[in-house]
1. Please state the relative contact order of region 150-252 as a whole percent: Cα pairs under 8 Å, 6+ residues apart?
2. With θ set to phi - 60°, apply the Karplus curve 6.51 cos²θ - 1.76 cosθ + 1.60 along region 83-96 and write out the HN-Hα couplings as whole Hz, x wherever there is a Gly or Pro.
3. Collect residues whose amide H, placed 1.01 Å from N in the peptide plane, falls under 5 Å from the amide H of Glu250; neighbours closer than 5 in sequence don't count.
4. Using θ = phi - 60° and the Karplus relation 6.51 cos²θ - 1.76 cosθ + 1.60, list the HN-Hα couplings for region 282-291 in order, rounded to whole Hz, with x at every Gly or Pro.
5. Residue-wise, which Karplus ³J(HN,Hα) couplings in Hz belong to region 136-142, taking 6.51 cos²θ - 1.76 cosθ + 1.60, θ = phi - 60°, and x for glycine or proline?
6. Tell me, rounded to the nearest percent, the portion of alpha carbon pairs in region 180-291 spaced more than 17 Å apart.
7. Under the Kirkwood approximation for Rh and a Cα-based Rg, what ratio Rg/Rh is obtained for region 28-123?
8. Pick from Thr187, Thr240, Thr206 the residue whose mean-square fluctuation is largest in a GNM of the chain, springs joining Cα atoms under 10 Å.
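The values are calculated or read from the model by the stated rules, or taken from the named source; none is laboratory data. Just so you know, these numbers come straight off a predicted model, no measurement behind them. With ideal geometry, Cβ positions are generated from the backbone for all residues, glycine too; neighbour counts draw on all protein chains shown. Calculation scope for accessible area: heavy atoms of the full protein, side chains included, ligands and nucleic acids excluded. Shrake-Rupley method; radii C 1.70, N 1.55, O 1.52, S 1.80 Å.
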Amino acid sequence: MKKILSKDGSPRQTIEILKKYAFVFQKRFGQNFLIDPRVLDKIMAAAEIGPDDLVLEIGPGIGTLTQHLACAAGRVIAVEIDRALIPILEETLRDLPNTRIINDDILKVDVEKLVQEEGQGRPVKIVANLPYYITTPILMDLLEKRIPVDSMTVMVQKEVAQRMCAGPGSKDYGALSLAVQYHSEPTIAANVPPNCFMPRPKVGSTVVRLKVYDEAPVDPIDEHLMFRIIRASFNQRRKTLANGLKNSPELTFEKDEIQDALERCGFSSNVRGEDLSLSQFAQLSDIFAKK
Ligand code: SAM
């Protein structure tokens with residue numbers, strides 16, 4: 001049986017440790033620390049961590065969530081950019097030998113190599129209260145590299161979570177929804193108000209769980225072309241899909257070619273990108289790929 005937590009992530013304990021180390025919050029690192037134990041429980045319930053699991057935590061802060069993860073998992077690697085937090089983490093994780101702290105920028109870490117070294121082929125579970133200024137680059141980088149990831153349970157800005165989960169016809173539906181849904185099945189685990197953090201963010205937050213697919217739900221001939229078409233379709237949201245494709249700097253299709261492809265898919269000439277599902281984008285992209 002593992003040790004009971006000495007730090008439960010309550011506001012009092014967080015203030016105590018921050019004072020002890022004279023810690024100064026860095027806005028540029030998106031530092032909003034969780035101070036509500038009920039939210040920690042919700043993240044843990046959504047992440048479904050077991051004793052055989054390898055967990056990667058991005059941005060452990062003072063180690064509040066890390067402690068919970070280390071009590072449930074086999075091994076936890078925590079990557080923190082802010083050097084000032086390292087001595088704090090060394091204290092809060094002192095009694096949890098299955099943790100490893102890495103002081104680095106997650107975007108510069110070779111995650112594939114790290115997971116291979118630590119997991120010996122086991123897929124990793126990613127859990128994070130993400131710094132909001134780089135949520136999308138972090139998630140897209142991890143999804144697109146095809147690292148063996150089982151799931152990602154992440155706290156993100158509420159609007160970003162809505163965009164990740166949105167379907168055709170919704171105002172939130174766009175390139176991010178399609179990229180996330182190509183790689184994973186997203187579900188919303190909890191909405192979290194600003195008063196659960198220190199300092200309070202200006203926006204609401206949401207915990208989303210992305211269950212990463214072994215195989216994508218569609219199999220386009222040219223994945224990169226499909227995503228160029230998707231980006232072009234949402235670049236000019238108010239325009240028709242045909243105009244979006246014609247005006248894209250990433251594509252060189254002629255007007256007739258576009259009309260012909262839309263007709264062959266059975267779409268009307270004034271269809272918009274936001275009306276198309278992922279499989280319809282794959283269908284359209286395959287027509288161009290075969291040309
Ligand atoms: N996990 C802690 C919690 O829930 O209380 C802190 C979450 S806070 C929203 C984001 C954390 O990510 C901060 O500790 C911040 O220093 C760290 N961070 C910001 N940018 C980072 C990056 N590029 N790589 C690694 N950590 C980063």
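1. With pairs under 8 Å counted, the relative contact order is 28 percent.
2. In residue order, the calculated couplings are 4, 5, 8, 5, x, 5, 4, 4, 6, 5, 9, 3, 8, 10 Hz.
3. For Glu250, no residues qualify.
4. 5, 4, 5, 4, 5, 5, 5, 5, 7, 6
5. Once θ is set to phi - 60°, the couplings for region 136-142 become 5, x, 5, 5, 5, 4, 5 Hz.
6. Summing the P(r) tail past 17 Å for region 180-291 gives 61 percent.
7. 0.94
8. Largest GNM mean-square fluctuation: Thr240.
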